[in-house]
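Undergrad: Take a look at this one; I'll ask things after.
The values are calculated or read from the model by the stated rules, or taken from the named source; none is laboratory data. None of these values were measured; they are calculated from a predicted model. Glycine gets a Cβ as well: all are built from the backbone with ideal geometry, and neighbour counts include every protein chain shown.
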Amino acid sequence: MSNEQVRHPIFAKMYARFAPQMDKVGGAEHREELLAGLTGRVLEVGAGTGLNFKRYPPTVTEVVAIEPEESLRAAALKAALNAPVPVTVIDGVAGSLPVEDGAFDAVVASLMLCSVRDLPKALAEMHRAVRPGGELRFYEHVRSGNRVLGVMQRGLDVVWPHLFGGCHTSRDTAAAIRAAGFEVERIRNFSFRPSPIATLVAPHIIGSARRPAH
């Protein structure tokens, strides 16, 4: 298990304040799309303040939620108390998940793959944690297919991670998911701009991928 610590107290306060506002202008619908139809035991990596918890369908038997940032994890623990399904919140990092191999029917990554330090390692850990034939559900902002915005995002990556909790603006997350051994079954590309500054990270994807059964 990694001894890596994640502390972004200023960003955590900003996120806790503004994430619910983003949900009010469309984010809630994205979360519901992300989680619809899930069944069985679910691992949510990078749970933040637990905004997904209340949206898990009753077909989910248990959620194990990983959150490394202390203040966000404290908020997630409170959110877990009112969740419609059993939720256990624990400390841990995406690059070294404190779970057994193949222990989950699905893994959920929601607006967090942008900020992990080592994206291939985090996805490899998710691949390890989900059972053969299990799902990865993802909802992320990604690199733009527009040449001009893509160049701007790559330039912005010099400073953006230092201001926004390690978040990167120019990751090709769909390609990374495929490279980790998942088979993408469904993906929707869309633009989401809940505030003017979010124009720079407006390109998003939402979808599902599967660990091959064999």
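Conditions tested, residue by residue: (1) part of a strand (DSSP E or B); (2) more than 15 Å from the chain's Cα centre (by Cα).
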| residue | (1), (2) |
| --- | --- |
| ALA65 | yes, no |
| LEU72 | no, no |
| ALA75 | no, yes |
| ALA79 | no, yes |
| ALA83 | no, yes |
| THR88 | yes, yes |
| VAL108 | yes, no |
| MET112 | no, no |
| ARG117 | no, no |
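Undergrad: Still on this structure, I have one more. So which of ARG178, ARG137, ARG188 is of a type in the set (D, E, K, R), under 20 Å from ALA213 (Cβ atoms) and part of a strand (DSSP E or B)?
TA: Unique residue meeting the criteria: ARG137.
Undergrad: Condition first: in contact with a Phe, Trp or Tyr (Cβ under 9 Å, 6 or more places away or on another chain) and among the aromatic types (Phe, Trp, Tyr). Now tell me which residues in the stretch 139-180 satisfy that.
TA: PHE164 - this is the single residue of the stretch 139-180 that is in contact with a Phe, Trp or Tyr (Cβ under 9 Å, 6 or more places away or on another chain) and among the aromatic types (Phe, Trp, Tyr).
Undergrad: Based on this model, can you work out whether VAL107 counts as out of contact with any Lys or Arg (no Cβ under 6 Å at 6 or more places or on another chain), at pLDDT 95 or above and buried (at least 24 other Cβ atoms within 10 Å of the Cβ)?
TA: Yes: the conditions hold for VAL107.
Undergrad: Moving to a separate point now. If you check ARG143 against the conditions, is it crowded, with 19+ Cβ neighbours inside 10 Å, touching a helix residue (DSSP H, G or I) at 6+ places or on another chain (Cβ under 7 Å), of a type outside the set (S, T, N, Q) and on the phi < 0 side of the Ramachandran plot?
TA: Criteria met by ARG143.
Undergrad: Consider ARG154 against the criteria (1) at pLDDT 95 or above; (2) surrounded by fewer than 20 Cβ atoms within 10 Å (Cβ to Cβ); (3) among the charged types (D, E, K, R): it satisfies all of them except one. Which criterion is unmet?
TA: (1)
Each row is one residue, and each column tells you yes or no for (1) small (Gly, Ala, Ser); (2) farther than 29 Å from GLY102 by Cα; (3) at pLDDT 90 or above.
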| position | (1), (2), (3) |
| --- | --- |
| GLN21 | no, yes, no |
| LYS24 | no, yes, no |
| GLU33 | no, no, yes |
| VAL42 | no, no, yes |
| VAL45 | no, no, yes |
| GLY50 | yes, no, yes |
| PHE53 | no, no, yes |
| PRO68 | no, no, yes |
| LEU72 | no, no, yes |
